[in-house]
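Undergrad: Quick one: the structure is below, questions incoming.
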Amino acid sequence: MFHNIPKPIQDQMTALEEIDGRDRQDGTPQLKRLRQVPPETGKFLALQAANTPDGAWIEIGTSGGYSALWISLAAKERGKKLVTFELLPEKAEIARKTFKKAKVEELIELVNGDARGHISDYEKIAFCFLDAEKEMYKEFYDLVIPRLVPGGILIADNAINSGERMQEMLDQAAADEQVDSMIAAVGKGVLLARKI
């Protein structure tokens, strides 16, 4: 997957990395920034997605589409499609353009809307990446975990640097007998929960 990333995808990854870097240096307000994962988290996501059982792939929080580009590498390899949800119209528009330029529209379906209104459409989820507002993580955890197939995984970003905002969900995952879970020190830390 990583040795032959198609040029249109690589070009869009590079462009988003440059925008994100500039925004962080300029002090762009957090809600206006892309707020994307670092490349090592993208690789981690792709590797995990590539090894999931059969079922739907979803992403909650598209932003500019950077993490979805990484996941699309696994989707292409596995013959899957990622459905990604972005609440903010301006970020959804950036992602739409990103996917078109990267030529991954057949691998990624972008939904501009609140994922909470759509998750019930998926009864068999194999892979879920959660990277939304941290105060909403517990609600999303409660929606996704019951819908994971055995061996399916939920990955939640910012598990190390989020402070108290994610703690309730992290504690719940650690005690949840439906999953095996751990926090991996990748990027800003990710919660990895695998359905038993």
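Undergrad: State which residue is surrounded by the most Cβ atoms within 10 Å (Cβ to Cβ) when the search covers only the stretch 129-151 and only residues that are touching a helix residue (DSSP H, G or I) at 6+ places or on another chain (Cβ under 9 Å) and in a strand (DSSP E or B).
TA: Across the stretch 129-151, the extreme among qualifying residues is 129.
Undergrad: Taking residue 53, is it in contact (Cβ under 8 Å) with a residue 60 or more places away in the chain, surrounded by fewer than 23 Cβ atoms within 10 Å (Cβ to Cβ) and closer than 14 Å to residue 131 by Cβ?
TA: Judged against the criteria, residue 53 is not a match.
Undergrad: Would you check which residues across the stretch 1-42 are β-branched (Val, Ile, Thr) and assigned to a loop (DSSP other than H, G, I, E, B) and list them?
TA: Selection gives 5, 28, 37.
Undergrad: May I pose another question? Mind telling me which of the residues 60, 9, 19, 5 ends up being out of contact with any strand residue (DSSP E or B) (no Cβ under 6 Å at 6 or more places or on another chain) and buried (at least 19 other Cβ atoms within 10 Å of the Cβ)?
TA: Selected residue: 9, the only one of 60, 9, 19, 5 that is out of contact with any strand residue (DSSP E or B) (no Cβ under 6 Å at 6 or more places or on another chain) and buried (at least 19 other Cβ atoms within 10 Å of the Cβ).
Undergrad: Further question: Of everything in the stretch 56-104, what is in a loop (DSSP other than H, G, I, E, B), more than 15 Å from residue 13 (Cα to Cα) and touching a Lys or Arg at 6+ places or on another chain (Cβ under 9 Å)? Give them in sequence order.
TA: 61
Undergrad: OK, next. Among the listed residues 92, 75, 68, which satisfies the condition of being in contact (Cβ under 8 Å) with a residue 24 or more places away in the chain and crowded, with 24+ Cβ neighbours inside 10 Å?
TA: Among 92, 75, 68, only 68 is in contact (Cβ under 8 Å) with a residue 24 or more places away in the chain and crowded, with 24+ Cβ neighbours inside 10 Å.
Undergrad: Still on this structure: Is there any pair linking a residue in the stretch 13-32 that is more than 20 Å from residue 101 (Cα to Cα) to one that is surrounded by 11 or more Cβ atoms within 10 Å (Cβ to Cβ) and at pLDDT 80 or above, with Cβ under 7 Å and at least six apart or on different chains, and which?
TA: From the stretch 13-32, the pairs are 23/34.
Undergrad: For the stretch 93-111, check the following and say yes or no: at least one residue is charged (D, E, K, R) and under 23 Å from residue 187 (Cβ atoms).
TA: no
Undergrad: So residue 158 clears everything in (1) over 17 Å from the mean Cα position of the chain (by Cα); (2) under 26 Å from residue 91 (Cβ atoms); (3) surrounded by 15 or more Cβ atoms within 10 Å (Cβ to Cβ); (4) polar (S, T, N, Q) except one condition, right? Which one?
TA: If we test residue 158 against (1) over 17 Å from the mean Cα position of the chain (by Cα); (2) under 26 Å from residue 91 (Cβ atoms); (3) surrounded by 15 or more Cβ atoms within 10 Å (Cβ to Cβ); (4) polar (S, T, N, Q), just (1) comes out false.
Undergrad: Pick out the one residue from 59, 40 that is touching a Gly at 6+ places or on another chain (Cβ under 9 Å) and not aliphatic (A, V, I, L, M).
TA: Exactly one residue qualifies, and that residue is 40.
Undergrad: Right, another one. Within the stretch 180-196, can you find the residues that are under 24 Å from residue 124 (Cα atoms), among the hydrophobic types (A, V, I, L, M, F, W, C) and exposed (fewer than 15 other Cβ atoms within 10 Å of the Cβ)?
TA: Across the stretch 180-196, the qualifying residues are 182, 196.
The values are calculated or read from the model by the stated rules, or taken from the named source; none is laboratory data. What you see is a predicted model, and the numbers here were worked out from it, not measured in a lab. Positions of Cβ are backbone-derived with ideal geometry, glycine not excepted, and every protein chain shown enters the neighbour counts.
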